[in-house]
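These notes are about the structure you will find just below.
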Amino acid sequence: VYLVTGTKQNVVLLEQIKALAIYRKLSEKEKEELDDALIEARQAVEMTNLASQILDQLSGTYNNLLNNNLNDTMKFL
C-alpha cells in the first residue's frame, strides 16, 4: 500500500514540475530527462499495482488452503 501510494505521488510531483514556469527554462536535454523520469514513474506505478494484486491473490490462495485444511481436520474429529 505504501509503495503504491508513494509511486503515485512521484508521478503527481513530476507532472506538477512540468506545469511550473521553471520547466520552460530547462534545456532540451533536461526536459527529455524529466520526461523520461515521468515515464519511469508511471511504469513504477503499474509495476507496484501489479505486485499488489499478485500479493492479494497469493494471500487469498493461502487463506483458502488453510481453510481447507481446517475443514478436513474438523471432519476427522
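Overview of values
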{"quantity": "Residue check, V1 of a type in the set (A, V, I, L, M, F, W, C) and surrounded by 10 or more Cβ atoms within 10 Å (Cβ to Cβ)", "calculated": "no"}
{"quantity": "Exclusive hit being at pLDDT 95 or above and over 10 Å from the mean Cα position of the chain (by Cα), set D72, D36", "calculated": "D36"}
{"quantity": "Criterion violated by S52 - all others in (1) out of contact with any helix residue (DSSP H, G or I) (no Cβ under 8 Å at 6 or more places or on another chain); (2) surrounded by 10 or more Cβ atoms within 10 Å (Cβ to Cβ); (3) of a type in the set (S, T, Y) satisfied", "calculated": "(1)"}
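The values are calculated or read from the model by the stated rules, or taken from the named source; none is laboratory data. Everything numeric in this text was worked out from a predicted model, so none of it was measured. Cβ: placed from backbone, ideal geometry, glycine included. Neighbour counts: every protein chain shown.
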